[in-house]
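Notes follow the structure.
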Amino acid sequence: MSYGNGLLVRDLPRGERPRERMQRLGSEHLSTAELLAIILRTGARGQGALQLATVLLSGPDGLRRLVNAPVEELAAVPGIGMAKACAIKAALELGRRLGSESASRPTVRSPQDVSQLLMDEMRYLEKEQFRVLLLNTKHQVLAVQVVSLGDLTSTIVHPREIFKEAVRRAAAAVILAHNHPSGDPTPSREDMEVTRRITEAGKILGIEVLDHIIIGDNRYISLREHDARSVRADTKER
């Protein structure tokens with residue numbers, strides 16, 4: 001298999017081969033041709049996988065050509081064939097579906113948005129349940145994780161459990177949420193302390209805790225807004 005100007009991939013230092021570079025640096029550091037070469041796996045006679053990938057991308061439409069071309073057209077390119085063409089189209093379709101999924105993610109702009117996402121599920125729970133919303137940089141919801149289940153009055157939450165999945169999913173921020181089975185969302189002293197502790201842990205990790213929403217029976221309280229009101233009230237008293 002040749003690489004670029006005819007150099008064999010097997011003759012390259014191991015760390016410079018496309019697959020090894022992906023393992024070492026991550027896929028985002030590979031060129032489009034290198035990524036396509038990994039999908040192709042092999043080249044054709046007298047042409048390595050990277051050279052073949054470069055040929056496919058060399059037209060004016062570049063990557064878009066692969067998106068729009070029927071599988072039969074790709075299969076007709078010398079060195080591609082039906083197996084490689086199907087592999088290319090399958091990879092592109094996965095990317096399209098991911099993009100579609102991302103576009104449909106709810107965006108959280110306010111405590112009310114969080115309430116609308118969680119109220120119907122959490123208002124009637126008989127036990128306290130703690131959840132965390134994982135958000136990307138646009139504050140779109142990547143996932144909602146159930147972190148812990150408690151008894152009728154309390155739940156045990158550790159920052160480690162909050163941020164484990166957030167780190168894995170590369171979340172930019174999180175929002176905490178839990179319900180009060182009594183139906184009264186008034187925050188307790190424990191609620192305030194848990195929020196403070198998790199917020200401090202988030203600062204160390206570089207993951208912002210935007211808010212903590214307490215769900216009651218068709219009511220909710222945002223601790224961020226609650227704290228802001230407390231500060232304003234304290235300022236007026238002074």
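Taking region 157-169, which residues are in contact with a helix residue (DSSP H, G or I) (Cβ under 8 Å, 6 or more places away or on another chain) and outside any helix (DSSP H, G or I)? Hit for region 157-169 is VAL157, nothing else. If the condition is being small (Gly, Ala, Ser) and part of a strand (DSSP E or B), then region 170-185 contributes ALA173, ALA177.
Of the helices (runs of 4 or more DSSP H) contained entirely in region 37-156, those carrying at least 3 residues that are charged (D, E, K, R) and closer than 21 Å to ASN179 by Cα fall at 111-122.
If the requirement is being farther than 21 Å from THR137 by Cα, modelled with pLDDT of 90 or more and loosely packed, with under 13 Cβ neighbours inside 10 Å, which of these qualifies: ARG189, ARG229, ARG219, ARG197? Unique residue meeting the criteria: ARG189. Only residues that are surrounded by fewer than 15 Cβ atoms within 10 Å (Cβ to Cβ) and more than 26 Å from ARG17 (Cβ to Cβ) were counted in region 72-96, giving 6. The set of residues in region 104-154 being surrounded by 16 or more Cβ atoms within 10 Å (Cβ to Cβ) and either charged (D, E, K, R) or at positive phi (or both) consists of ASP113, ARG123, GLU128, ARG131, HIS139.
Remark: pairs (first residue in region 188-215, in a helix (DSSP H, G or I); second residue hydrophobic (A, V, I, L, M, F, W, C); Cβ separation under 6 Å; 6+ apart in sequence or on different chains) = VAL194/VAL157; THR195/LEU223; ILE198/ILE162; ILE198/VAL209; THR199/VAL209; GLY202/VAL209; LEU205/PHE163.
The values are calculated or read from the model by the stated rules, or taken from the named source; none is laboratory data. Bear in mind that the values here come from a model prediction, so they are computed numbers and not experimental data. So basically every Cβ, Gly included, is an ideal-geometry build from the backbone, and we count neighbours across all protein chains shown.
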